[in-house]
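What follows is a short report on a single structure.
The values are calculated or read from the model by the stated rules, or taken from the named source; none is laboratory data. Quick caveat: nothing in here was measured; it's all calculated off a predicted structure. Quick reminder, even Gly has a Cβ in these numbers, built from the backbone with ideal geometry, and neighbours come from all protein chains shown.
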Amino acid sequence: MAWRATGTVAVLLTMAWAPAARAELRETAERVAQSWREGGAAVVIARTRFINDDESLPLLLPPMPESPLGSCTTVVLLGPRGLGFHANLAGTDSDDPADRVASEAGVVSFARCGEPMPRRIVVTADSGRGAFETVVARSAKAVKHLREILPERAGGLALAATEPGRLPALPPPARRAEVAELRGRRDGATVAPRTTWHARADGSGSGADLLTPGCHVLELLAPDPRASDPPGHGKLDLDAEMRDASGDRVLARDRSDAPDARLSLCVGEDTAVEVGFVGSPPGGPVTVAHWAWPLPAHLPSLWGAEAMARMAHVLLTRHAMPLLHEPAVLTQGGSGFTAMPTPVEPGACYVAVVAVTQGAARSITLRARVGGQESIDDRGPDENGAVVAFCSGERDAVVMDVDVRGTPLLGWGLALYRVADGIWELAR
């Protein structure tokens, strides 16, 4: 695809290109079909299908040429590696495990020799969404196994794990905090004075903070228990979560297997928060490093402070430069798929950002289609916003597709900005 070499388009290298992904999937299906044809099988590749998260899709297998009694029929459903799905061979959406074949590395394969193959099956997405290809072969004997054709989908040889040895001692919390704050300063953040909270006898503890409008990072750092006198045992693994002042709503959480806990949150107004942590050495001090960025300018206030915060989060995580003007277009919608033809200026470049304004999203996809080109941002359940960048070229219209799934009465808002070239060039 011939995009102008501008900084705006550079970020699109990190976004999903649906046509390229589908082409790669089709090429993989052709590899399977060609290998089976070389073995004497008759092979048909059905049309590409697309399945959404938690969707059950009835699938009618393509008709195959008649073959002698005792011949074999082999069916392969081939999706992206990250797509988890299963096929129900009974032709229904039954939950009986005996009727189901689960995918491995994005592939489901099943065969019947000497007995009929069901013409109708049901494919159900267990995690993720995406396109998948259906390859059907008829042969006098079993065809070549997929692991010989697609070794990249079969996994590798499991080697014996080696003993990594003792982990090196961690630097003191103050030194680790300096390194973390330096990263924040390099990204343009303002660093707040550090505070210290104290763990209880079981290694848990809590503290409170007041977050001003902006995007905040709190990093909690505890001493290495092996550095105490006498030295403690085991590695340090600090986990934390942030709740609102009432304690009823989780705003951020870190349960990773790491020595330090990191909590990130954007807020559109002054917000009092409570932070709880576990995993500290008993009774020890926990250093809290805190840095923040202001909300980007020109975010729409139409949908409230929380929607502004969600837009700020998605813009800052994509490292967008500041938006210099008010949005050219504001629109809103509800749960489901919405396609919106939108006028644009030829030769201009744009950023579109969408955020949930009511309820919570299970998935959110934003796509901009300009002629035969498209850019897409597809987010999962941990996100409530998405952003795309595009240039109009010679076109005077773009089609904005918004697909949001989640809680009942869900609502979203979209802001479209005209921007200068190079919006993605500078780190934020």
Item to complete: Name the single residue, out of those in the range 35-57 being in a loop (DSSP other than H, G, I, E, B) and within 21 Å of Gly380 (Cα to Cα), that is modelled with the highest pLDDT.
Response: Asn52
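Somewhere in the range 66-84, is a residue at pLDDT below 70 and surrounded by 14 or more Cβ atoms within 10 Å (Cβ to Cβ)? Walk me through it before giving the result.
So in the range 66-84, the residues at pLDDT below 70 come out as 66-70.
With the extra rule that they be surrounded by 14 or more Cβ atoms within 10 Å (Cβ to Cβ), the set shrinks to 67.
There is at least one residue in the range 66-84 that is at pLDDT below 70 and surrounded by 14 or more Cβ atoms within 10 Å (Cβ to Cβ).
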Worksheet item: Just a yes or no: is a residue in the range 310-332 in a strand (DSSP E or B), out of contact with any Pro (no Cβ under 9 Å at 6 or more places or on another chain) and under 12 Å from Gly413 (Cβ atoms)?
Response: yes
Worksheet entry | Flag for Glu38 being exposed (fewer than 14 other Cβ atoms within 10 Å of the Cβ), in contact with a Ser or Thr (Cβ under 8 Å, 6 or more places away or on another chain), farther than 13 Å from Leu78 by Cβ and of a type in the set (Asp, Glu) | no
Worksheet item: Can you tell me how many residues in the range 189-218 are in a strand (DSSP E or B) and either hydrophobic (A, V, I, L, M, F, W, C) or touching a Lys or Arg at 6+ places or on another chain (Cβ under 6 Å) (or both)?
Response: 9
Response to the item:
Going through the range 211-262 in order, the residues found to be of a type in the set (A, V, I, L, M) and either surrounded by fewer than 17 Cβ atoms within 10 Å (Cβ to Cβ) or modelled with pLDDT under 85 (or both) are Ala227, Ala245, Val250, Ala258
Worksheet item: Which strands (runs of 3 or more DSSP E) does the range 219-307 wholly contain that include 2 or more residues that are more than 19 Å from Asn384 (Cα to Cα) and over 29 Å from the mean Cα position of the chain (by Cα)?
Response: 285-293
Practice prompt. From the list Glu219, Glu181, pick out the single residue that is touching a residue at least 40 places away in the same chain (Cβ under 8 Å), among the acidic types (Asp, Glu) and touching a helix residue (DSSP H, G or I) at 6+ places or on another chain (Cβ under 7 Å).
Written response: Glu219
Worksheet item: Does Glu326 qualify as being among the charged types (D, E, K, R), farther than 18 Å from Leu251 by Cβ and in contact (Cβ under 8 Å) with a residue 12 or more places away in the chain?
Response: yes
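Collect the residues in the range 327-341 that are surrounded by fewer than 13 Cβ atoms within 10 Å (Cβ to Cβ) and farther than 14 Å from Asp401 by Cα, keeping them in residue-number order. Quick ask: steps written out before the conclusion?
To start, the set of residues in the range 327-341 that are surrounded by fewer than 13 Cβ atoms within 10 Å (Cβ to Cβ) comprises 336-337, 339, 341.
Correct list: empty.
Out of the residues in the range 342-384 meeting the condition of being of a type in the set (D, E, K, R) and in a strand (DSSP E or B), tell me which one is surrounded by the fewest Cβ atoms within 10 Å (Cβ to Cβ). Give the steps one after another, and end with the answer.
Taking the range 342-384 as the starting set, the residues that turn out to be of a type in the set (D, E, K, R) are 345, 362, 367, 369, 374, 377-379, 382-383.
If we keep only those that are in a strand (DSSP E or B) too, we end up with 362, 367, 369, 374, 377-379.
On the way: Arg362: 14, Arg367: 22, Arg369: 19, Glu374: 21, Asp377: 25, Asp378: 18, Arg379: 18.
Filtering first and then ranking leaves Arg362.
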